[in-house]
Structures are given as structure tokens and as C-alpha cells.
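Below is one structure, written out as C-alpha cells, with a few remarks after it.
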Amino acid sequence: MALSHEFQALTKSFSGFGVDEKSMISILGKWHQDDRKSYRKGCPQFFTQDDRLFEKWDDRHVAFLKHEFLRLKNAVVLWTMHPWERDARLMKEALVKGPQAYAVIIEVASTRSSEQLLGARRAYHSLFDHSIEEDVAYHINDSCRKLLVGLVSSYRYEGPKVNEEIAKSEAKTLFAAIKNADKKNPIEDEEVVRILTTRSKPHLKAIFKHYKEINGKNIDEDLDDELSLDETMQCLCTPQTYFSKVLGAAFQNDADEHAKEALTRVIVTRADDDMKEIKEEYQKKYGVSLSKKIEDAVNGNYKDFLLTLIARGE
Amino acid sequence: MRLDMHMSCVAAGSSGPALFLCHPVISCGVIQFSKILRVKMQNETVKRMATLSVTEDCEQLRKAFAGWGTNEGLIISILAHRNAAQIKSIRQTYAQTYGEDLLKDLNKELSNDFERVVLLWTLDPAERDAFLANEATKRWTSSNQVLVEIACTRTSQQLLLAKQAYHARFKRSLEEDVAYHTSGDFRKLLVPLVGTYRYEGEEVNMTLAKSEAKILHEKISEKAYNHEDVIRILATRSKAQINATLNHYKNEFGNDINKDLKTDPKDEFLAILRATVKCLTRPEKYFEKVLRLAINKRGTDEGALTRVVTTRAEIDMKIIKEEYHKRNSVTLDHAIGKDTTGDYEKMLLALIGHGDA
């Protein structure tokens, strides 16, 4: 006879991030027909009593489970992939998914180094027989098109040299464009797009600094309403802030599949790069370590895989 | 026109960023080597032969600078008959042997048009494109054409190497300089053109070709020449796809797209659009025209002449010469001979004969 704590454990293993394989095997595997029937009857969030006298799995929950079972597989495949193929596929997927996913294109195009982005563009040629810029230009028709085409086409100078005078003047240009937002959407402002899509990252960091001096606020605070611009600026200048924010959103109770997928994406794509800084930023922002959060919120082999990835190099 | 080159990373033979990435294998270079082999000694290995001849070249060049004046003939006879890879070896060996940069010495000794052609020729193709592009961003609108030329007639790989050379030399990206120094419609077109990394496969989507030909025709009929879609198509599609689209344009609508883009001969933006189309689809015809206009112009446009000769000598000069002969009934050699003089003329003629050696 199944015990109520077993019910609870099994339900937990079917909820949240990933699935708890061990519990499923040790509990569910040993239950007889009657135990399973009791479970179905006692679990109205997963099973509904059908008119034809059987307990039916909730369709949406089965679909949910499909995602959860796949998390480990997706993480493993993505992790093993060449980073160029990985980035090319992530961008293609985002393009196909539509406007809700365009932030991923911004993320990949802005947080990678010039050589990494170039590699991704090469891989894109091989995988999809088009250039990334032609596909982005063709499929995106809204106001963020210019910004996104510019971002995926960028091949930024990577040296430290910065012209402070120009950085100062460009900070003023951005400030003016933001103030003028009610008359013209900054994301379509030629100068804003030029600065964000062609200037080097050190130059943009200098702009960030000058902006704060002129205005008293950080540029990403002022850009709060312009989501894409705000994210772009963060990805370019303070990627750890952006990534820890995305991770935080993945753990929210009402996070949708798109937000949850980001957990795999961020950890797999950053584990070799700036995971240390992201962990520090996460701790600062949420008051709990990323490892602890994953330990609490994620299940099974997927959890173990993620913890292993983020613990490397410690 | 002084060319102030900072080539210390080349001189030191270090693997500085980007300048040493793959050079195209030049078949005429192999022919030059075998000529030297045949003429000089028989039973040496090719490798030793190559080292010997590079050392000799350096000695001869050094001699050309010695004493009063310069032996320009000697400079031409060496440099004009070496390909990019050989010139690179010469520069490295010269720096190792004499502790000085060959380019600096050339700069000191030569002047004006001759200097410019020798210096441009001595630069690595990627550095040359980077130099020309940077020069073009600093000038007025007539130089937008040079940017179009570089962005559209080079292969994706050549353009990439040029951009890497640009980073190394100017400590900025080509895109940021082009964006900063252009505005309005020109910026809208030029920034995507230099930023693109075109797919180079031969696959063509005929349905897309038809629909994009239709879009182009529509926008051109509405005189919306700077429309986003016109720019998108020209700046991002592969060359094969663009060719298919423009062929369809002609089949469906009767005219070559460039004919329809000629509505206002004084409109500079239209001129740049036409140049873009031509560079992408018929570069040899584009270059023939640039040469013809440079030569026929009162006083000759040496800048354009030098640029086309030095940038195409190792690429498609043979085809350009054929086009020139077809269009002008005289050979390019003849036209250059009539229109230029002295060492400048000699160097140009040696370079355009380069591929035939």
C-alpha cells in the first residue's frame, strides 16, 4: 500500500525542473496496479476523472513532462556541440520561434567575442545555406530589425584603445535619443543603432561610464522601457548582470517554457567563459548561491549535470 | 601622397593579428619561381632556390636605394614580378637583414604616383584593402564608390581578412568608421555592405528570386531607392542568389535593373546603387569602366588607375584586359602607355602584364 510521503515524493519528481529519475524508479517502479490507481485518484492536478470511468492524464501535464524529461538530453547535446554550431543553432531556433525569442539573438550576438560570433556565422553558412544576416533581415519585420541585423553582422574591434572624446559625445547622443523616446522610438534611431552595433566593447563601456556621469543614472536603468535596447546594452557591457537576471527569471514560479529553457542555455553556453562572474552576480542579486538554488529547484540527473558544469574550475 | 606604414609586427616576423592569414595560392608565383630556376641553376631544391632568390631580391632592392637617387627600374623589375606571398618573404628578410622596414625605405626614396603604386603593391592584399577603405572613409562622397568596390568585388574571405587587417592597423573596426563617416542613405547602404559575410554557395531559390525581383521592381518604380528591402536584398543575399534575382528581373520586366536605376544621372545615391549591382554581378565590367573613365579623364585619374591595377593584378586582370580591349578597341597596355609616363607607367605596365608571365 503506497504511503502518502511516497505520493508526495513522486509528485515532486514530476514537477519543477527536470525529473527525479531515482524516485520514479524506486517508488513508481515498485507500485502495483492498485497503488498506481490510488495515485491517479489522489492526484487531481495531474489526473481528471473522465465520464467514462477512468482517471485521465492531463494533456498539458504530459506535454510539460515531455519538456522535463528532455532537459538532460538537450543539455548534453548542446554541451557536446561545437560552440559555433551551438550558437548558430540557437540563433536559428530563436528566429523561427518569433519575437518572444529574439532576445536570444541579441544575447548570442552581443555576449560572444568577435571571433566566436564570426565562427557562429560560418557554421550558420554550413548548416543552413544562408548567412545569418540575410535570414534575420528577411524574417524580422518589426522595429528591432535594424538593431538585430546590425548586431549579428558586427565584427567589433577587440583592442583596448578608446577615444574618450568620442565616447563622451556618443553618450550625449544616446541620452538625447532616450529623452526623445516619445517622439521617436530609440531602437529605430540611426545613431543609437550605429553606436550599439559598430563600436567596440571597451568603447561602449566608456560610454556607459560617461552616461552615468552626465545623467546620474545607469543607461540600462533609463532604457528600462526599451526592453531590447536595455538587454543589448547589458549584454555588451555587463553580461553577468544580464545572465544572472535570465537565470533568476527561469526559477520564477510562473516561468514559461521559454524562460525555463534559458537555464540550460545560459549554463551550457557560459560554463567555459564567465560562469564564475555570473555566479557571483547571482549571489549578490538573489542572496543565495546558484548551486543552492539549483539543488533546491531542479531534479534528477539534469540537476546533477548542471551542478557539475558550474562547479568546474573551482 | 605619403603612406605612413606601421609594419613593425611584419618586420619582426611575429604572428601579429590577421596579417598572416592564408594567402591565395597564386599560380603565376609558381611560374615566376620556375623561371628563376630555369634561368639560374638546375640541381638545387626548390626550397633552397626560394630562399636564395629572396635574399638576392633584398640585396638588389637595397642597392636600388644606395647613393644618390634611386634605381626605379630595378625596383620595378623586382617588385612588379613578385606575388603577394613572395613580397611578404622579401619584407621579412629585408627587415631581418638590414633592421629596417622595406616600406619605410621605399617611402623615403620614391615620390608621388610611382611611390603610391609601389607601396600599394608591396602591401599584403588584406592590408591594401584596409588602407584603401580607411582612406575612403575620410574623404568626401566620391569615395563611397571605393567602399562599395571593396565590399562587393572581394570574396567573403578576402573581405574578412581586410577587416582583420583594419583592426590591427587602425585599432577600430571598418564598420564603425564607415558608419561614423557616412550618413543618411549612404550609411543605410554602406554599413550593411561592409558588415556582411555572404554565403558563398551556388544554391539558388528560384521562388525567392522571383519574389525579390518583384519587390525590387516595385520599389524602383515608386522611386523608393533607399527602401529597406532594396538594401536588404543587395546587402545580404549571396551573389548567386542576387544573380538569379536580377536575371529574373530582366526576364520579367524587360530591362536590366541598372537601366531602371538610371532615371536621374546626377543622383549620387543611384550611382552608388548601380555600382553595387555591377560589382556584385559583373566585376570585370565594373573595373573596365573605372579604368576607361580614369584614362579618358582630362589629366587622368591616377588614384583610380593605381587602385584598380594594384588590387586586381593578381585576381582577374586578364579578364579585365579582355573587357577593355573589347570595349575600347585598343589594349589596356596601349592606353596606359599613351596616358602615363616614366616610372609610374613602367610599373603599371609591368603589373598588368603580371598574370601573363
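So the values come out like this:
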{"item": "Answer from A:Lys168, A:Lys184, A:Lys217, A:Lys260 - the residue that is open to solvent by 40 Å² or more (accessible area, probe 1.4 Å) and in a helix (DSSP H, G or I)", "result": "A:Lys168"}
{"item": "Residue within region A:170-191 that is under 22 Å from B:His167 (Cα atoms) and either away from chain B (no Cβ under 14 Å) or touching an Asp or Glu at 6+ places or on another chain (Cβ under 7 Å) (or both) present", "result": "no"}
{"item": "Some residue of region B:111-129 being more than 19 Å from the chain's Cα centre (by Cα) and open to solvent by 10 Å² or more (accessible area, probe 1.4 Å)", "result": "yes"}
{"item": "Any hit, region A:193-203, residues being open to solvent by 60 Å² or more (accessible area, probe 1.4 Å) and either within 14 Å of chain B (Cβ to nearest Cβ) or touching a residue at least 12 places away in the same chain (Cβ under 8 Å) (or both)", "result": "no"}
{"item": "Matching residues in region A:147-165 - criterion: being open to solvent by 80 Å² or more (accessible area, probe 1.4 Å) and within 11 Å of chain B (Cβ to nearest Cβ)", "result": "A:Glu158, A:Pro160, A:Lys161"}
{"item": "B:Asn107 being on the phi < 0 side of the Ramachandran plot, within 17 Å of the chain's Cα centre (by Cα) and at pLDDT below 95", "result": "no"}
{"item": "Among the residues listed as B:Phe253, B:Phe269, the single one being in contact with a Phe, Trp or Tyr (Cβ under 9 Å, 6 or more places away or on another chain) and among the aromatic types (Phe, Trp, Tyr)", "result": "B:Phe269"}
{"item": "Residue tally, condition touching a helix residue (DSSP H, G or I) at 6+ places or on another chain (Cβ under 6 Å) and of a type outside the set (A, V, I, L, M), over region A:18-33", "result": "4"}
{"item": "Evaluation of A:Lys179 against (1) modelled with pLDDT under 95; (2) farther than 17 Å from A:Asn218 by Cβ (one fails), failing number", "result": "(2)"}
{"item": "Set A:Asp254, A:Asp273: member being closer than 23 Å to A:Trp84 by Cβ and part of a loop (DSSP other than H, G, I, E, B)", "result": "A:Asp273"}
{"item": "Boolean, B:Glu314 is among the acidic types (Asp, Glu), surrounded by 22 or more Cβ atoms within 10 Å (Cβ to Cβ) and on the phi < 0 side of the Ramachandran plot", "result": "no"}
{"item": "In region A:107-146, residue nearest to A:Thr198 (Cα to Cα) [restricted to those that are touching a helix residue (DSSP H, G or I) at 6+ places or on another chain (Cβ under 8 Å), outside any helix (DSSP H, G or I) and more than 8 Å from every other protein chain (Cβ to nearest Cβ)]", "result": "A:Arg112"}
{"item": "Matching residues in region B:130-187 - criterion: being in contact with a Ser or Thr (Cβ under 9 Å, 6 or more places away or on another chain), away from chain A (no Cβ under 11 Å) and hydroxyl-bearing (Ser, Thr, Tyr)", "result": "B:Thr137, B:Thr141, B:Ser143, B:Thr153"}
{"item": "Helices (runs of 4 or more DSSP H) wholly inside region B:117-196 that include at least 1 residues being of a type in the set (Val, Ile, Thr)", "result": "B:125-138, B:144-153, B:174-181, B:184-195"}
{"item": "A:Ala101 surrounded by fewer than 19 Cβ atoms within 10 Å (Cβ to Cβ), more than 23 Å from B:Asn205 (Cβ to Cβ) and in contact with a His (Cβ under 7 Å, 6 or more places away or on another chain)", "result": "yes"}
{"item": "Subset of region A:16-38 that is in contact (Cβ under 8 Å) with a residue 40 or more places away in the chain and assigned to a loop (DSSP other than H, G, I, E, B) - its residue that is nearest to A:Asn253 (Cα to Cα)", "result": "A:Gly16"}
{"item": "Single unsatisfied condition, A:Asp142 versus (1) among the charged types (D, E, K, R); (2) within 14 Å of the chain's Cα centre (by Cα); (3) surrounded by fewer than 17 Cβ atoms within 10 Å (Cβ to Cβ)", "result": "(2)"}
{"item": "Residues within region A:222-251 that are more than 20 Å from A:Ala206 (Cβ to Cβ) and in contact with a Cys (Cβ under 9 Å, 6 or more places away or on another chain), tallied", "result": "2"}
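One line per residue, one yes/no per condition, for (1) open to solvent by less than 40 Å² (accessible area, probe 1.4 Å); (2) part of a strand (DSSP E or B); (3) without any contact (Cβ under 8 Å) to a residue 24 or more places away in the chain; (4) basic (Lys, Arg):
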| residue | (1), (2), (3), (4) |
| --- | --- |
| A:Thr11 | yes, no, no, no |
| A:Arg40 | no, no, yes, yes |
| A:Thr48 | no, yes, yes, no |
| A:His67 | no, no, no, no |
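To keep it simple, each residue is scored yes or no on (1) crowded, with 17+ Cβ neighbours inside 10 Å; (2) at pLDDT 65 or above.
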| residue | (1), (2) |
| --- | --- |
| B:Met41 | no, no |
| B:Thr51 | no, no |
| B:Asp57 | yes, yes |
| B:Trp68 | no, no |
| B:Arg82 | yes, yes |
| B:Gln86 | yes, yes |
| B:Ser89 | yes, yes |
| B:Ala95 | yes, yes |
| B:Tyr98 | no, yes |
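The values are calculated or read from the model by the stated rules, or taken from the named source; none is laboratory data. Quantities reported herein were computed from a predicted structural model and do not represent experimental measurements. Neighbour counts run over all protein chains shown; Cβ positions are idealised from the backbone, glycine included. Accessible surface is based on the protein model in full, side chains and every heavy atom, while ligands, DNA and RNA are left aside. Shrake-Rupley method; radii C 1.70, N 1.55, O 1.52, S 1.80 Å.
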